[in-house]
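The values are calculated or read from the model by the stated rules, or taken from the named source; none is laboratory data. Because the structure is predicted, anything quoted here is derived from the model rather than measured. Note that we place each Cβ from the backbone using ideal geometry, even for glycine, and neighbour counts take in every protein chain shown. Accessible surface is based on the protein model in full, side chains and every heavy atom, while ligands, DNA and RNA are left aside. Shrake-Rupley method; radii C 1.70, N 1.55, O 1.52, S 1.80 Å.
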Amino acid sequence: MGRDIQAIKISGEDRRKYRDKVRRSLEVLARMLRERMFEASPSQTGLEIELNLVDSRGAPSMRNADVLEAIADPAWATELGQFNLEINVPPRQLDGDALADLEEEVRASLNAADARARGIGSRLVMVGILPTLQKHDVHEGTLSANARYRMMNEQIFAARGEDMRIAIDGAEHLLTHADSITPEAACTSVQLHLQASPDAFASYWNAAQAIAGVQVALAANSPFLFGRQLWHETRITLFEQATDTRPDELKQQGVRPRVWFGERWITSVFDLFEENLRYFPALLPICDEEDPLAALDRGACPQLAEMTLHNGTIHRWNRPVYAAVDGTPHLRVENRVLPAGPSVADVMANAAFYYGLVRALAEAQRPVWTQMSFATAAENLHEAARHGMDAKLYWPGFGEAPAAELVLRRLLPLAREGLGRWDVSPVHADRLLGIIEQRCLTGRTGAAWQIATVAALTQRSGADRPEALRLMTQRYIEHMHSNEPVHTWPLSP
(Lines give C-alpha, C1' and ligand atoms only; values in the text may rest on other atoms or scores of the structure.)
Protein backbone atom coordinates (compact mmCIF):
# COMPACT_ATOMS: atom_id res chain seq x y z
CA MET A 1 0.00 0.00 0.00
CA GLY A 2 2.97 2.31 0.34
CA ARG A 3 3.56 2.45 -3.39
CA ASP A 4 2.51 5.58 -5.28
CA ILE A 5 -0.05 5.25 -8.03
CA GLN A 6 -1.48 7.56 -10.65
CA ALA A 7 -5.15 8.48 -10.69
CA ILE A 8 -6.90 6.38 -13.35
CA LYS A 9 -10.39 5.37 -14.36
CA ILE A 10 -11.07 1.72 -13.54
CA SER A 11 -13.06 -0.48 -15.91
CA GLY A 12 -14.54 -3.94 -15.58
CA GLU A 13 -11.79 -5.20 -17.86
CA ASP A 14 -9.20 -3.78 -15.46
CA ARG A 15 -10.76 -5.76 -12.62
CA ARG A 16 -10.83 -9.00 -14.61
CA LYS A 17 -7.18 -8.64 -15.64
CA TYR A 18 -6.18 -7.80 -12.10
CA ARG A 19 -7.95 -10.83 -10.65
CA ASP A 20 -6.20 -13.02 -13.19
CA LYS A 21 -2.82 -11.50 -12.29
CA VAL A 22 -3.43 -12.02 -8.56
CA ARG A 23 -4.39 -15.64 -9.26
CA ARG A 24 -1.25 -16.12 -11.34
CA SER A 25 0.83 -14.53 -8.57
CA LEU A 26 -0.65 -17.02 -6.10
CA GLU A 27 0.35 -19.91 -8.35
CA VAL A 28 3.88 -18.52 -8.53
CA LEU A 29 3.98 -18.07 -4.75
CA ALA A 30 2.91 -21.70 -4.28
CA ARG A 31 5.73 -22.86 -6.58
CA MET A 32 8.28 -20.66 -4.78
CA LEU A 33 7.19 -22.20 -1.47
CA ARG A 34 7.48 -25.72 -2.87
CA GLU A 35 10.92 -25.00 -4.30
CA ARG A 36 12.08 -23.39 -1.05
CA MET A 37 13.25 -20.18 -2.69
CA PHE A 38 12.85 -17.91 0.34
CA GLU A 39 15.49 -16.39 2.56
CA ALA A 40 15.30 -18.32 5.82
CA SER A 41 16.95 -15.99 8.35
CA PRO A 42 14.16 -15.24 10.84
CA SER A 43 15.77 -12.55 13.00
CA GLN A 44 15.46 -9.53 10.70
CA THR A 45 13.10 -7.03 12.31
CA GLY A 46 11.69 -3.70 11.22
CA LEU A 47 9.71 -0.83 12.69
CA GLU A 48 7.28 1.80 11.39
CA ILE A 49 5.84 4.58 13.54
CA GLU A 50 2.94 6.81 12.52
CA LEU A 51 2.77 10.22 14.14
CA ASN A 52 0.52 13.26 14.39
CA LEU A 53 1.36 16.90 13.79
CA VAL A 54 0.09 19.65 16.10
CA ASP A 55 0.40 23.41 16.26
CA SER A 56 1.59 25.48 19.23
CA ARG A 57 -1.77 25.02 21.00
CA GLY A 58 -1.85 21.25 20.52
CA ALA A 59 -4.47 21.30 17.74
CA PRO A 60 -3.98 19.28 14.53
CA SER A 61 -1.55 20.88 12.10
CA MET A 62 -2.41 20.18 8.44
CA ARG A 63 1.14 20.70 7.22
CA ASN A 64 2.65 17.27 6.62
CA ALA A 65 3.91 18.20 3.14
CA ASP A 66 5.73 21.25 4.52
CA VAL A 67 7.12 19.32 7.48
CA LEU A 68 8.26 16.46 5.25
CA GLU A 69 10.09 18.94 3.03
CA ALA A 70 11.75 20.47 6.09
CA ILE A 71 12.80 17.06 7.48
CA ALA A 72 14.31 16.10 4.09
CA ASP A 73 14.97 12.49 5.12
CA PRO A 74 13.92 9.53 2.92
CA ALA A 75 13.02 7.53 6.05
CA TRP A 76 10.03 9.87 6.53
CA ALA A 77 6.84 9.85 4.46
CA THR A 78 3.35 11.28 4.45
CA GLU A 79 0.41 9.25 5.70
CA LEU A 80 -3.32 9.36 4.99
CA GLY A 81 -4.17 12.67 6.68
CA GLN A 82 -2.44 16.01 6.30
CA PHE A 83 -1.79 15.87 10.07
CA ASN A 84 0.08 12.52 9.79
CA LEU A 85 3.66 11.46 9.10
CA GLU A 86 5.41 8.10 9.21
CA ILE A 87 8.98 7.02 9.87
CA ASN A 88 10.32 3.73 8.51
CA VAL A 89 13.30 2.40 10.43
CA PRO A 90 15.74 0.20 8.45
CA PRO A 91 15.56 -3.54 9.27
CA ARG A 92 18.20 -5.19 11.43
CA GLN A 93 19.13 -8.40 13.20
CA LEU A 94 17.52 -8.80 16.61
CA ASP A 95 20.46 -9.68 18.88
CA GLY A 96 22.99 -8.19 21.26
CA ASP A 97 22.49 -4.44 21.63
CA ALA A 98 20.04 -4.19 18.72
CA LEU A 99 17.09 -2.98 20.80
CA ALA A 100 19.19 -0.32 22.54
CA ASP A 101 20.65 0.81 19.23
CA LEU A 102 17.19 0.93 17.70
CA GLU A 103 15.88 3.04 20.58
CA GLU A 104 18.75 5.48 20.22
CA GLU A 105 18.25 5.71 16.46
CA VAL A 106 14.49 6.34 16.74
CA ARG A 107 14.98 8.98 19.43
CA ALA A 108 17.58 10.79 17.35
CA SER A 109 15.36 10.72 14.26
CA LEU A 110 12.32 11.98 16.16
CA ASN A 111 14.30 14.73 17.87
CA ALA A 112 15.77 15.91 14.59
CA ALA A 113 12.41 15.79 12.82
CA ASP A 114 10.66 17.59 15.66
CA ALA A 115 13.26 20.36 15.58
CA ARG A 116 12.63 20.82 11.84
CA ALA A 117 8.87 20.75 12.38
CA ARG A 118 9.08 23.38 15.11
CA GLY A 119 10.82 25.64 12.64
CA ILE A 120 7.57 25.88 10.69
CA GLY A 121 5.19 25.96 13.65
CA SER A 122 4.42 22.26 14.16
CA ARG A 123 5.36 19.48 16.59
CA LEU A 124 5.38 15.69 16.39
CA VAL A 125 3.21 13.56 18.69
CA MET A 126 3.28 9.77 19.10
CA VAL A 127 -0.21 8.81 20.29
CA GLY A 128 -2.83 6.32 19.14
CA ILE A 129 -5.47 9.00 18.50
CA LEU A 130 -4.68 12.71 18.82
CA PRO A 131 -6.85 13.84 21.76
CA THR A 132 -7.51 17.30 20.30
CA LEU A 133 -8.76 15.96 16.96
CA GLN A 134 -12.28 17.15 16.14
CA LYS A 135 -14.87 15.97 13.62
CA HIS A 136 -14.25 19.02 11.42
CA ASP A 137 -10.58 18.00 11.07
CA VAL A 138 -11.36 14.81 9.15
CA HIS A 139 -12.91 15.31 5.72
CA GLU A 140 -11.86 14.81 2.12
CA GLY A 141 -10.10 18.19 2.10
CA THR A 142 -7.63 17.01 4.75
CA LEU A 143 -6.49 13.90 2.87
CA SER A 144 -2.80 14.01 2.00
CA ALA A 145 -2.05 15.13 -1.54
CA ASN A 146 -1.32 11.68 -2.95
CA ALA A 147 -3.28 10.02 -5.74
CA ARG A 148 -3.45 6.65 -3.98
CA TYR A 149 -5.33 8.12 -1.01
CA ARG A 150 -7.85 9.88 -3.27
CA MET A 151 -8.32 6.74 -5.30
CA MET A 152 -8.72 4.55 -2.22
CA ASN A 153 -11.31 7.00 -0.88
CA GLU A 154 -13.26 6.86 -4.14
CA GLN A 155 -13.17 3.07 -4.35
CA ILE A 156 -14.25 2.46 -0.74
CA PHE A 157 -17.24 4.78 -1.05
CA ALA A 158 -18.13 3.38 -4.45
CA ALA A 159 -18.24 -0.06 -2.82
CA ARG A 160 -20.29 1.19 0.14
CA GLY A 161 -22.71 3.37 -1.80
CA GLU A 162 -23.39 5.46 1.31
CA ASP A 163 -21.74 7.54 4.02
CA MET A 164 -19.77 5.77 6.72
CA ARG A 165 -21.46 5.32 10.10
CA ILE A 166 -19.16 5.39 13.13
CA ALA A 167 -20.80 4.27 16.37
CA ILE A 168 -18.76 3.63 19.52
CA ASP A 169 -20.13 2.85 22.99
CA GLY A 170 -17.60 3.30 25.77
CA ALA A 171 -17.40 5.45 28.87
CA GLU A 172 -19.29 7.93 26.67
CA HIS A 173 -21.10 7.45 23.37
CA LEU A 174 -20.18 8.59 19.87
CA LEU A 175 -22.39 8.40 16.80
CA THR A 176 -21.28 10.23 13.68
CA HIS A 177 -21.14 9.86 9.91
CA ALA A 178 -18.31 10.49 7.47
CA ASP A 179 -18.24 11.02 3.71
CA SER A 180 -14.53 10.18 3.37
CA ILE A 181 -12.03 7.68 4.77
CA THR A 182 -10.17 10.47 6.60
CA PRO A 183 -11.34 9.28 10.07
CA GLU A 184 -8.91 6.40 9.44
CA ALA A 185 -6.12 8.99 9.65
CA ALA A 186 -7.00 9.44 13.33
CA CYS A 187 -5.54 5.95 13.94
CA THR A 188 -1.78 6.15 14.32
CA SER A 189 0.09 2.98 15.11
CA VAL A 190 3.40 1.22 15.55
CA GLN A 191 3.99 -1.65 13.14
CA LEU A 192 6.47 -4.34 14.13
CA HIS A 193 7.91 -6.47 11.33
CA LEU A 194 9.43 -9.90 11.85
CA GLN A 195 10.94 -11.96 9.07
CA ALA A 196 10.06 -15.64 9.20
CA SER A 197 11.00 -18.62 7.10
CA PRO A 198 8.12 -20.28 5.20
CA ASP A 199 8.32 -23.29 7.53
CA ALA A 200 8.01 -21.11 10.64
CA PHE A 201 5.65 -18.46 9.31
CA ALA A 202 2.38 -20.08 10.42
CA SER A 203 3.69 -20.56 13.96
CA TYR A 204 4.76 -16.92 14.23
CA TRP A 205 1.51 -15.62 12.75
CA ASN A 206 -0.63 -17.82 15.00
CA ALA A 207 1.40 -16.77 18.05
CA ALA A 208 1.02 -13.09 17.11
CA GLN A 209 -2.74 -13.54 16.79
CA ALA A 210 -2.92 -15.27 20.17
CA ILE A 211 -1.23 -12.38 22.00
CA ALA A 212 -2.89 -9.46 20.18
CA GLY A 213 -5.28 -8.81 23.07
CA VAL A 214 -2.48 -8.86 25.61
CA GLN A 215 -0.47 -6.37 23.53
CA VAL A 216 -3.38 -3.94 23.34
CA ALA A 217 -4.20 -4.22 27.05
CA LEU A 218 -0.60 -3.32 27.93
CA ALA A 219 -0.20 -0.53 25.39
CA ALA A 220 -3.65 1.13 25.17
CA ASN A 221 -3.19 4.80 24.28
CA SER A 222 -6.32 6.01 22.44
CA PRO A 223 -9.10 6.88 24.92
CA PHE A 224 -10.46 10.07 23.31
CA LEU A 225 -12.02 10.73 19.90
CA PHE A 226 -13.80 13.93 18.83
CA GLY A 227 -13.91 15.08 22.45
CA ARG A 228 -15.50 11.88 23.80
CA GLN A 229 -13.99 9.35 26.20
CA LEU A 230 -14.61 5.96 24.57
CA TRP A 231 -12.51 2.77 24.67
CA HIS A 232 -9.02 2.63 26.17
CA GLU A 233 -7.83 1.71 22.65
CA THR A 234 -10.55 3.35 20.56
CA ARG A 235 -8.24 3.08 17.54
CA ILE A 236 -9.16 -0.61 17.16
CA THR A 237 -12.89 -0.09 16.61
CA LEU A 238 -12.43 3.20 14.77
CA PHE A 239 -10.07 1.61 12.25
CA GLU A 240 -12.48 -1.29 11.76
CA GLN A 241 -15.34 1.07 11.03
CA ALA A 242 -13.51 3.80 9.10
CA THR A 243 -12.30 1.44 6.35
CA ASP A 244 -15.43 -0.71 6.06
CA THR A 245 -16.58 -1.17 2.47
CA ARG A 246 -19.77 -2.99 3.51
CA PRO A 247 -23.22 -1.42 3.82
CA ASP A 248 -25.44 -2.98 6.50
CA GLU A 249 -26.97 -5.49 4.07
CA LEU A 250 -23.59 -7.03 3.23
CA LYS A 251 -22.68 -7.18 6.92
CA GLN A 252 -25.86 -9.16 7.54
CA GLN A 253 -24.90 -11.53 4.74
CA GLY A 254 -21.61 -12.30 6.47
CA VAL A 255 -19.30 -10.52 4.02
CA ARG A 256 -15.86 -10.20 5.62
CA PRO A 257 -14.62 -6.74 6.69
CA ARG A 258 -11.40 -5.38 5.19
CA VAL A 259 -10.06 -4.69 8.68
CA TRP A 260 -9.99 -8.29 9.76
CA PHE A 261 -8.73 -10.37 12.63
CA GLY A 262 -9.34 -13.48 10.54
CA GLU A 263 -11.37 -16.57 11.36
CA ARG A 264 -8.95 -19.50 11.77
CA TRP A 265 -5.46 -20.55 12.72
CA ILE A 266 -3.30 -21.21 9.65
CA THR A 267 -0.90 -23.92 8.53
CA SER A 268 0.91 -21.90 5.83
CA VAL A 269 1.40 -18.30 4.74
CA PHE A 270 -0.32 -19.35 1.52
CA ASP A 271 -3.60 -19.64 3.47
CA LEU A 272 -3.64 -15.88 4.06
CA PHE A 273 -2.85 -14.77 0.51
CA GLU A 274 -5.36 -17.28 -0.84
CA GLU A 275 -8.06 -15.91 1.49
CA ASN A 276 -7.31 -12.41 0.19
CA LEU A 277 -8.22 -13.48 -3.33
CA ARG A 278 -11.18 -15.64 -2.29
CA TYR A 279 -12.95 -13.13 -0.04
CA PHE A 280 -12.02 -9.61 -1.10
CA PRO A 281 -12.70 -7.78 -4.38
CA ALA A 282 -9.96 -5.47 -5.61
CA LEU A 283 -9.97 -1.85 -4.48
CA LEU A 284 -7.02 -0.75 -6.62
CA PRO A 285 -6.96 -3.07 -9.66
CA ILE A 286 -3.73 -1.78 -11.15
CA CYS A 287 -1.67 -4.25 -13.16
CA ASP A 288 2.11 -4.31 -13.38
CA GLU A 289 3.89 -5.22 -16.61
CA GLU A 290 5.73 -8.17 -15.05
CA ASP A 291 4.65 -11.68 -15.92
CA PRO A 292 5.51 -13.40 -12.61
CA LEU A 293 5.68 -16.90 -14.09
CA ALA A 294 7.99 -15.80 -16.90
CA ALA A 295 10.19 -13.99 -14.38
CA LEU A 296 10.43 -17.13 -12.25
CA ASP A 297 11.16 -19.35 -15.26
CA ARG A 298 14.12 -17.19 -16.29
CA GLY A 299 15.57 -17.32 -12.76
CA ALA A 300 14.52 -13.83 -11.66
CA CYS A 301 12.78 -13.03 -8.38
CA PRO A 302 9.17 -12.00 -9.20
CA GLN A 303 7.79 -8.90 -7.49
CA LEU A 304 4.20 -10.29 -7.38
CA ALA A 305 3.05 -6.67 -7.56
CA GLU A 306 -0.69 -7.32 -7.87
CA MET A 307 -0.73 -9.78 -4.98
CA THR A 308 1.17 -7.41 -2.69
CA LEU A 309 -0.96 -4.39 -3.65
CA HIS A 310 -4.14 -6.37 -2.99
CA ASN A 311 -2.70 -7.56 0.31
CA GLY A 312 -2.06 -3.95 1.28
CA THR A 313 -5.75 -3.09 0.94
CA ILE A 314 -6.77 -5.81 3.42
CA HIS A 315 -5.96 -4.63 6.91
CA ARG A 316 -5.32 -7.73 8.99
CA TRP A 317 -4.16 -6.98 12.52
CA ASN A 318 -1.27 -9.34 11.74
CA ARG A 319 -0.60 -9.00 8.04
CA PRO A 320 1.52 -11.33 5.90
CA VAL A 321 4.12 -9.50 3.80
CA TYR A 322 5.90 -10.79 0.71
CA ALA A 323 8.86 -8.72 -0.44
CA ALA A 324 11.80 -9.10 -2.78
CA VAL A 325 14.99 -7.31 -1.73
CA ASP A 326 18.13 -7.39 -3.86
CA GLY A 327 16.72 -10.28 -5.85
CA THR A 328 15.89 -12.44 -2.83
CA PRO A 329 12.29 -13.05 -1.66
CA HIS A 330 11.34 -13.14 1.99
CA LEU A 331 8.24 -13.28 4.20
CA ARG A 332 7.34 -11.13 7.20
CA VAL A 333 4.66 -10.93 9.85
CA GLU A 334 3.58 -7.31 10.20
CA ASN A 335 2.12 -6.78 13.67
CA ARG A 336 -0.34 -3.85 13.51
CA VAL A 337 -2.28 -3.85 16.78
CA LEU A 338 -0.15 -1.38 18.77
CA PRO A 339 -0.88 2.35 19.07
CA ALA A 340 1.94 4.85 18.71
CA GLY A 341 3.63 6.16 21.87
CA PRO A 342 3.58 7.28 24.54
CA SER A 343 7.42 7.55 24.59
CA VAL A 344 10.13 5.87 22.56
CA ALA A 345 11.03 3.91 25.70
CA ASP A 346 7.45 2.62 25.86
CA VAL A 347 7.46 1.75 22.15
CA MET A 348 10.67 -0.23 22.57
CA ALA A 349 9.34 -1.99 25.67
CA ASN A 350 6.25 -3.02 23.69
CA ALA A 351 8.51 -4.24 20.89
CA ALA A 352 10.73 -6.25 23.26
CA PHE A 353 7.69 -7.87 24.87
CA TYR A 354 6.25 -8.79 21.47
CA TYR A 355 9.45 -10.12 19.92
CA GLY A 356 10.31 -12.15 23.01
CA LEU A 357 6.85 -13.57 23.62
CA VAL A 358 6.08 -14.39 20.01
CA ARG A 359 9.31 -16.36 19.67
CA ALA A 360 8.75 -18.31 22.89
CA LEU A 361 5.21 -19.21 21.82
CA ALA A 362 6.11 -19.99 18.20
CA GLU A 363 8.72 -22.51 19.37
CA ALA A 364 6.71 -24.00 22.24
CA GLN A 365 6.34 -27.79 22.23
CA ARG A 366 2.58 -27.46 22.78
CA PRO A 367 1.45 -24.41 20.79
CA VAL A 368 -0.95 -22.04 22.50
CA TRP A 369 -3.19 -21.98 19.42
CA THR A 370 -3.90 -25.69 19.89
CA GLN A 371 -5.31 -24.90 23.33
CA MET A 372 -7.62 -21.94 22.64
CA SER A 373 -10.18 -21.16 19.99
CA PHE A 374 -9.53 -18.54 17.35
CA ALA A 375 -12.75 -16.79 18.39
CA THR A 376 -11.38 -16.44 21.94
CA ALA A 377 -8.26 -14.71 20.63
CA ALA A 378 -10.49 -12.26 18.74
CA GLU A 379 -12.62 -11.67 21.84
CA ASN A 380 -9.46 -10.96 23.86
CA LEU A 381 -8.50 -8.24 21.38
CA HIS A 382 -11.78 -6.36 21.69
CA GLU A 383 -11.99 -6.85 25.45
CA ALA A 384 -8.51 -5.36 25.76
CA ALA A 385 -9.35 -2.47 23.43
CA ARG A 386 -12.41 -1.60 25.53
CA HIS A 387 -10.86 -1.86 28.98
CA GLY A 388 -7.08 -1.65 28.63
CA MET A 389 -5.23 -2.94 31.66
CA ASP A 390 -8.57 -3.63 33.40
CA ALA A 391 -9.50 -6.19 30.73
CA LYS A 392 -10.05 -9.79 31.72
CA LEU A 393 -8.43 -12.04 29.16
CA TYR A 394 -8.56 -15.79 28.63
CA TRP A 395 -5.33 -17.78 28.48
CA PRO A 396 -4.96 -21.58 28.30
CA GLY A 397 -4.11 -23.12 31.65
CA PHE A 398 -4.71 -19.80 33.36
CA GLY A 399 -8.38 -19.23 32.69
CA GLU A 400 -9.85 -15.74 32.61
CA ALA A 401 -7.74 -13.23 34.51
CA PRO A 402 -6.91 -9.50 34.63
CA ALA A 403 -4.40 -8.62 31.94
CA ALA A 404 -1.78 -7.40 34.40
CA GLU A 405 -1.93 -10.62 36.43
CA LEU A 406 -1.65 -12.77 33.31
CA VAL A 407 1.39 -10.83 32.11
CA LEU A 408 3.19 -10.76 35.45
CA ARG A 409 2.65 -14.38 36.35
CA ARG A 410 2.79 -16.13 32.98
CA LEU A 411 3.83 -14.05 29.97
CA LEU A 412 6.70 -11.85 31.14
CA PRO A 413 8.88 -14.87 31.95
CA LEU A 414 8.12 -16.28 28.49
CA ALA A 415 9.00 -12.94 26.85
CA ARG A 416 12.32 -12.89 28.73
CA GLU A 417 13.02 -16.46 27.61
CA GLY A 418 12.21 -15.54 24.00
CA LEU A 419 14.54 -12.53 24.02
CA GLY A 420 17.24 -14.87 25.26
CA ARG A 421 16.66 -17.06 22.22
CA TRP A 422 17.18 -13.99 20.02
CA ASP A 423 20.48 -13.45 21.89
CA VAL A 424 19.34 -10.00 23.03
CA SER A 425 21.60 -8.61 25.75
CA PRO A 426 20.11 -9.48 29.16
CA VAL A 427 20.77 -5.92 30.36
CA HIS A 428 18.59 -4.44 27.64
CA ALA A 429 15.97 -7.19 27.91
CA ASP A 430 15.64 -6.62 31.66
CA ARG A 431 15.37 -2.84 31.28
CA LEU A 432 12.67 -2.96 28.63
CA LEU A 433 10.66 -5.78 30.17
CA GLY A 434 11.00 -3.93 33.48
CA ILE A 435 8.97 -1.11 31.91
CA ILE A 436 6.22 -3.61 31.07
CA GLU A 437 6.37 -4.98 34.61
CA GLN A 438 6.02 -1.53 36.17
CA ARG A 439 3.17 -0.68 33.81
CA CYS A 440 1.38 -3.78 35.09
CA LEU A 441 2.09 -2.99 38.75
CA THR A 442 0.95 0.65 38.48
CA GLY A 443 -1.88 0.08 35.98
CA ARG A 444 -0.58 3.16 34.16
CA THR A 445 -0.91 2.86 30.38
CA GLY A 446 -0.98 5.85 28.06
CA ALA A 447 -4.77 5.66 28.03
CA ALA A 448 -4.98 5.53 31.83
CA TRP A 449 -2.67 8.56 32.11
CA GLN A 450 -4.71 10.54 29.57
CA ILE A 451 -8.03 9.75 31.29
CA ALA A 452 -6.72 10.55 34.77
CA THR A 453 -5.04 13.78 33.66
CA VAL A 454 -8.16 15.07 31.89
CA ALA A 455 -10.23 14.23 34.98
CA ALA A 456 -7.75 16.07 37.22
CA LEU A 457 -7.70 19.13 34.97
CA THR A 458 -11.49 19.19 34.87
CA GLN A 459 -11.99 18.73 38.61
CA ARG A 460 -9.15 20.83 40.00
CA SER A 461 -8.81 23.54 37.37
CA GLY A 462 -12.40 23.82 36.20
CA ALA A 463 -11.39 23.34 32.55
CA ASP A 464 -14.09 22.21 30.16
CA ARG A 465 -13.47 19.07 28.09
CA PRO A 466 -11.89 20.75 25.00
CA GLU A 467 -9.55 22.84 27.17
CA ALA A 468 -8.68 19.86 29.38
CA LEU A 469 -7.83 17.80 26.29
CA ARG A 470 -5.69 20.62 24.93
CA LEU A 471 -3.78 21.08 28.18
CA MET A 472 -3.37 17.33 28.60
CA THR A 473 -2.01 17.06 25.04
CA GLN A 474 0.59 19.74 25.70
CA ARG A 475 1.73 17.94 28.86
CA TYR A 476 1.77 14.66 26.94
CA ILE A 477 4.11 16.15 24.31
CA GLU A 478 6.57 17.34 26.92
CA HIS A 479 6.60 13.99 28.73
CA MET A 480 6.89 12.13 25.41
CA HIS A 481 10.03 14.05 24.49
CA SER A 482 11.57 13.37 27.91
CA ASN A 483 11.56 9.66 26.91
CA GLU A 484 10.49 8.64 30.39
CA PRO A 485 8.08 5.67 30.31
CA VAL A 486 4.44 6.53 30.88
CA HIS A 487 4.15 4.74 34.23
CA THR A 488 6.43 7.47 35.68
CA TRP A 489 4.47 10.45 34.31
CA PRO A 490 2.91 12.66 37.01
CA LEU A 491 -0.84 13.17 37.09
CA SER A 492 -0.99 16.61 38.73
CA PRO A 493 -2.57 19.28 36.51
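Looking at residue 267, is it touching a residue at least 12 places away in the same chain (Cβ under 8 Å), open to solvent by less than 10 Å² (accessible area, probe 1.4 Å) and of a type in the set (S, T, N, Q)?
Values: touching a residue at least 12 places away in the same chain (Cβ under 8 Å): yes; open to solvent by less than 10 Å² (accessible area, probe 1.4 Å): no; of a type in the set (S, T, N, Q): yes.
The answer is no for residue 267.
Quick test for you: out of 302, 285, pick the one residue that is open to solvent by less than 20 Å² (accessible area, probe 1.4 Å), on the phi < 0 side of the Ramachandran plot, at pLDDT below 95 and touching a helix residue (DSSP H, G or I) at 6+ places or on another chain (Cβ under 7 Å). Can you show your working first?
Numbers: 302 fails: at pLDDT below 95.
After ruling out the rest, the residue left standing is 285.
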Selection over segment 445-493 where residues are at pLDDT 95 or above, basic (Lys, Arg) and more than 13 Å from residue 343 (Cα to Cα) yields a count of 2
Result of the Cβ filter at 6 Å on segment 175-188, keeping first residues that are surrounded by 24 or more Cβ atoms within 10 Å (Cβ to Cβ) and partners that are basic (Lys, Arg), at least 6 apart or interchain, is 187/235
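Only one of 144, 61 is modelled with pLDDT under 95 and over 19 Å from residue 347 (Cα atoms); which? Give the steps one after another, and end with the answer.
Values: 61 fails: modelled with pLDDT under 95.
Going through 144, 61 in turn, just one is modelled with pLDDT under 95 and over 19 Å from residue 347 (Cα atoms): 144.
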So, first residue more than 16 Å from residue 386 (Cα to Cα) in segment 434-458, second residue of a type in the set (Phe, Trp, Tyr) and open to solvent by less than 10 Å² (accessible area, probe 1.4 Å), Cβ within less than 6 Å, six or more apart or across chains; the pairs are 436/353
Scanning segment 333-362 residue by residue, those crowded, with 24+ Cβ neighbours inside 10 Å and either free of Cβ contacts under 8 Å to residues at least 24 places away in the same chain or of a type in the set (D, E, K, R) (or both) turn out to be 346, 359
Residue 482: passes all of (1) under 22 Å from residue 230 (Cβ atoms); (2) surrounded by fewer than 20 Cβ atoms within 10 Å (Cβ to Cβ) but (1)
Across (1) part of a loop (DSSP other than H, G, I, E, B); (2) touching a residue at least 60 places away in the same chain (Cβ under 8 Å); (3) aliphatic (A, V, I, L, M), residue 120 clears everything bar (2)
Restricting segment 406-419 to residues that are open to solvent by 10 Å² or more (accessible area, probe 1.4 Å) and touching a residue at least 60 places away in the same chain (Cβ under 8 Å), the one nearest to the chain's Cα centre (by Cα) turns out to be 416
Going through (1) more than 19 Å from residue 314 (Cβ to Cβ); (2) part of a strand (DSSP E or B) one by one, residue 191 fails only at (1)
Result of the Cβ filter at 7 Å on segment 198-217, keeping first residues that are touching a residue at least 40 places away in the same chain (Cβ under 8 Å) and partners that are in a helix (DSSP H, G or I) and among the aromatic types (Phe, Trp, Tyr), at least 6 apart or interchain, is 206/369; 210/369; 215/354
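Condition check: at pLDDT 90 or above, open to solvent by 20 Å² or more (accessible area, probe 1.4 Å) and more than 20 Å from the chain's Cα centre (by Cα). Does residue 246 satisfy that?
Values: at pLDDT 90 or above: yes; open to solvent by 20 Å² or more (accessible area, probe 1.4 Å): yes; more than 20 Å from the chain's Cα centre (by Cα): yes.
The answer is yes for residue 246.
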Flagged pairs (Cβ under 6 angstrom, 6 or more apart or on separate chains; first in segment 62-87, of a type in the set (Ser, Thr, Tyr); second open to solvent by less than 40 Å² (accessible area, probe 1.4 Å)) are 78/64; 78/144
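Can you pull out every residue in segment 88-105 that is touching a residue at least 12 places away in the same chain (Cβ under 8 Å) and open to solvent by 20 Å² or more (accessible area, probe 1.4 Å)?
The first filter runs over segment 88-105 and keeps only residues touching a residue at least 12 places away in the same chain (Cβ under 8 Å), leaving 88-100, 102-103, 105.
Once the filter is applied, which keeps residues that are touching a residue at least 12 places away in the same chain (Cβ under 8 Å) and open to solvent by 20 Å² or more (accessible area, probe 1.4 Å), segment 88-105 yields 88, 90, 91, 92, 93, 95, 96, 97, 100, 105.
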The condition from (1) under 26 Å from residue 440 (Cα atoms); (2) open to solvent by 10 Å² or more (accessible area, probe 1.4 Å); (3) not acidic (Asp, Glu) that residue 330 misses is numbered (1)
